[in-house]
1. Scan region 118-130 for residues that are surrounded by fewer than 24 Cβ atoms within 10 Å (Cβ to Cβ) and near the ligand (Cβ under 10 Å from one of its atoms) and jot them down.
2. Does LEU105 satisfy the criteria of being in contact with a helix residue (DSSP H, G or I) (Cβ under 9 Å, 6 or more places away or on another chain) and assigned to a strand (DSSP E or B)?
3. So if I check each of SER169, SER111, which one is part of a strand (DSSP E or B) and surrounded by 17 or more Cβ atoms within 10 Å (Cβ to Cβ)?
4. Which residues, counting only those in region 23-35, are under 22 Å from LEU221 (Cα atoms) and either surrounded by 13 or more Cβ atoms within 10 Å (Cβ to Cβ) or in contact with a Phe, Trp or Tyr (Cβ under 6 Å, 6 or more places away or on another chain) (or both)?
5. Among the residues of region 68-79, which ones are in contact with a strand residue (DSSP E or B) (Cβ under 7 Å, 6 or more places away or on another chain) and near the ligand (Cβ under 10 Å from one of its atoms)?
6. Evaluate region 191-209: report whether one residue or more is closer than 18 Å to GLN97 by Cβ, at pLDDT 95 or above and within 13 Å of the ligand (Cβ to nearest atom).
7. What number of residues within region 172-204 are part of a loop (DSSP other than H, G, I, E, B) and exposed (fewer than 12 other Cβ atoms within 10 Å of the Cβ)?
8. Report, by residue number, each residue of region 138-172 that is among the polar types (S, T, N, Q) and either in contact with a Pro (Cβ under 8 Å, 6 or more places away or on another chain) or free of Cβ contacts under 8 Å to residues at least 40 places away in the same chain (or both).
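The values are calculated or read from the model by the stated rules, or taken from the named source; none is laboratory data. None of the values given here were measured: they were computed from a predicted structure. Note that each Cβ is placed from the backbone with ideal geometry, even for glycine, and that neighbours are counted across all protein chains shown. Calculation scope for accessible area: heavy atoms of the full protein, side chains included, ligands and nucleic acids excluded. Shrake-Rupley method; radii C 1.70, N 1.55, O 1.52, S 1.80 Å.
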Amino acid sequence: MRRLLVIAAVWICASCSPAQTQVADFAAQRERMVKEQIVMRGLVTERVLSALRKVPREEFVPAEYRAESYTDKALPIGYDQTISQPFIVAFMTEELQPQPTDRVLEVGTGSGYQAAILAELVAKVYTIEIIEPLAKNAEATLQRLGYKNVHVKFGDGYKGWPENAPFDSIIVTCAPERVPQPLLDQLKEGGRMIIPVGIKFAQELYLFEKKNGRLQQSAVLPVRFVPMIRSEKEDAN
Ligand code: SAH
């Protein structure tokens, strides 16, 4: 009997490769992340929750941190930058009220995770990253995962992406000290922009809404983002 059990155990393990076990494990962790970090903190938009349940966050995290992909924190992605904490990604996404027909601009591609979440929810995502290797890496990850509606550009997102403006919404995932005027200009009438503003480690997340040509501004959450980097010579802008 004992011998039979051992044979059965070996057979079960052999039929399921370590890679498959890991994938199943990440799927379970992803479900738990949505429940414990997002839903229990009060976020309810079903479309946003399903995007979080679908996108494999571990694919956007460097190998050495992969086991921590679903923990309740930001993680290093190299070059002194981070992939944001899942709750912050969820919160900012919900604030944009993404619609299936929207064209969205993201400033600060980083790992590409936020762009992938948006790609599940809107028609087109335009995302800009100022650190070239990060831009290239994010583009490769997004392509590998089959996201065809995300366009990644290497450059300074302070200036936005005028060729594709105006945008239904804009999300900024690095913190400038003041709100970049070009981004406000590239927001559509009726559009929403979510952006952390402030000095290092003392920032507030602001929501801007353009209504009848006027901007309404509200502070929604104290946050900690990496500072917005400016390309040389343009710091005076
Ligand atoms: N949204 C990212 C998190 C990015 S962290 C994710 O889901 O992983 C912020 C990113 O903003 C960093 O990668 C940083 O290099 C980038 N960044 C900083 N200043 C920028 C600028 N002026 N234009 C574009 N990207 C910028």
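1. Result: ILE128, ILE130.
2. Yes: the conditions hold for LEU105.
3. After ruling out the rest, the residue left standing is SER169.
4. MET33, VAL34
5. Across region 68-79, the qualifying residues are ALA74, LEU75, ILE77.
6. Within region 191-209, the first condition is being closer than 18 Å to GLN97 by Cβ, and the residues that meet it are 191-195, 205-209.
Checking the rest, the ones that are also at pLDDT 95 or above come to 191-195, 205-209.
Then drop every residue that is not within 13 Å of the ligand (Cβ to nearest atom), which leaves 194-195.
Yes, that holds for at least one residue.
7. Within region 172-204, the subset part of a loop (DSSP other than H, G, I, E, B) is 173-174, 176-180, 186, 200-201.
Now restrict to residues that are exposed (fewer than 12 other Cβ atoms within 10 Å of the Cβ): 177-178, 200-201.
Total meeting the criteria: 4.
8. GLN143, ASN149, SER169
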